[in-house]
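Q: Once you've had a glance at the structure underneath, I'll fire off some questions.
The values are calculated or read from the model by the stated rules, or taken from the named source; none is laboratory data. Quick caveat: nothing in here was measured; it's all calculated off a predicted structure. Positions of Cβ are generated from backbone atoms using ideal geometry, with glycine treated the same way; all protein chains shown enter the neighbour counts.
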Amino acid sequence: MRASSLLASLALLFLLHAPAHADVTWESKGWVKLGERDVNGNVDKDVITVGAYEGKFAKLTLVVDKSDLELLDFEIVFGNGQKHNPNVKQVFKEGARTRVLDLPGDERVIKMINLKYKNFAGGGKAHVEVWGWKAEGIGAGRPSAALWDSKGWTKLGERSVNGRIDKDRITVARKKGTFKQMTIVVLDSDLDLLDFEVKFGRGAPWNPAVKHTFKEGQRTRVLDFPGDVRVIKHIDLKYANIAGGGKAKVQVWAK
């Protein structure tokens with residue numbers, strides 16, 4: 001076989017077996033996995049039995065991987081028979097998780113968790129995990145924030161959102177280099193992003209359409225810059241914390 005043909009075959013083999021994207025991960029330290037289920041068929045129902053032996057919990061979160069998922073219903077049954085239905089009916093992308101869900105009252109014994117969900121037509125079989133946070137004992141404290149695979153990205157800066165509405169500027173040193181893509185990561189609390197403007201070394205400012213309410217641990221899609229690779233002079237942000245929530249932190253990354 002000619003060397004060029006061999007190289008072409010190896011390149012094709014690599015492309016066929018390369019992962020479509022890096023999996024989004026999260027920091028589960030301090031959390032207890034209460035159970036996990038695979039979503040079978042278009043619409044599926046499952047029960048995760050917990051019980052008093054697992055202890056008492058103050059918070060829950062759901063993690064979705066392997067495929068996209070639509071969560072239709074989510075019910076928690078406590079040890080005393082009381083039921084709680086947090087409003088988390090939504091579409092989850094693979095690798096996403098819910099915000100941290102505070103359970104009503106003090107820490108509670110969970111008897112079972114009832115789930116109703118469905119896979120998307122043409123997609124794979126989603127996998128759901130339910131995690132609980134104990135408010136007492138070893139590891140007690142604030143649940144850890146969601147993480148993402150930042151390999152290959154450069155952090156341009158981060159800011160904490162102060163007050164109901166806040167404005168900030170992230171100045172980017174020229175020594176950071178040139179970039180062609182950007183993403184925003186939100187940590188510590190939910191956030192309303194009201195305006196986002198990028199000023200390049202040359203040319204007009206750029207305002208990508210990313211006005212959106214972000215849940216803690218979420219990030220924007222990858223934003224492609226117009227034109228070729230660009231030097232970034234500064235980034236102007238306008239955002240708001242969600243009433244009743246904590247103080248969000250915003251990170252801007254580029255590559």
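Q: Between a residue in region 45-58 that is crowded, with 16+ Cβ neighbours inside 10 Å and any residue that is among the small types (Gly, Ala, Ser), which pairs come within a Cβ distance under 6 Å, given they are 6 or more apart or on different chains?
A: Pairs found: Ile48/Gly35; Phe57/Gly132; Ala58/Ala135.
Q: Let me ask something else about it. Starting from residues that are in a strand (DSSP E or B) and at pLDDT below 80, keep the ones in region 214-240 and report whichever is nearest to Ile170 (Cα to Cα).
A: Arg219
Q: Which members of region 108-125 meet the condition of being of a type outside the set (Gly, Ala, Ser), at pLDDT below 85 and surrounded by fewer than 16 Cβ atoms within 10 Å (Cβ to Cβ)?
A: Correct list: Phe120 only.
Q: List every residue pair whose Cβ atoms sit under 6 Å apart, with the two residues 6 or more apart in sequence or on different chains, where the first one lies in region 91-102 and is at negative phi and at pLDDT below 80 and the second, anywhere, is acidic (Asp, Glu) and buried (at least 20 other Cβ atoms within 10 Å of the Cβ).
A: Arg99/Glu216
Q: Exactly one condition in (1) at pLDDT 85 or above; (2) within 17 Å of Phe57 (Cα to Cα); (3) of a type in the set (Val, Ile, Thr) is false for Val128; which is it?
A: (2)
Q: Does any residue in region 197-211 that is assigned by TED's automatic domain parsing to the domain that holds Thr171 come within less than 6 Å, Cβ to Cβ, of a residue that is assigned to a loop (DSSP other than H, G, I, E, B) and of a type in the set (Ser, Thr, Tyr) six or more places away or on a different chain, and which pairs are these?
A: Val210/Thr220
Q: For region 27-44: of the residues being farther than 14 Å from Glu129 by Cβ, at pLDDT 85 or above and not β-branched (Val, Ile, Thr), which is surrounded by the fewest Cβ atoms within 10 Å (Cβ to Cβ)?
A: Checking each candidate, the answer is Asn40.
Q: Would you check if Arg202 is at pLDDT 80 or above, basic (Lys, Arg) and outside any strand (DSSP E or B)?
A: Considered against the rule, which asks whether it is at pLDDT 80 or above, basic (Lys, Arg) and outside any strand (DSSP E or B), Arg202 comes out as yes.
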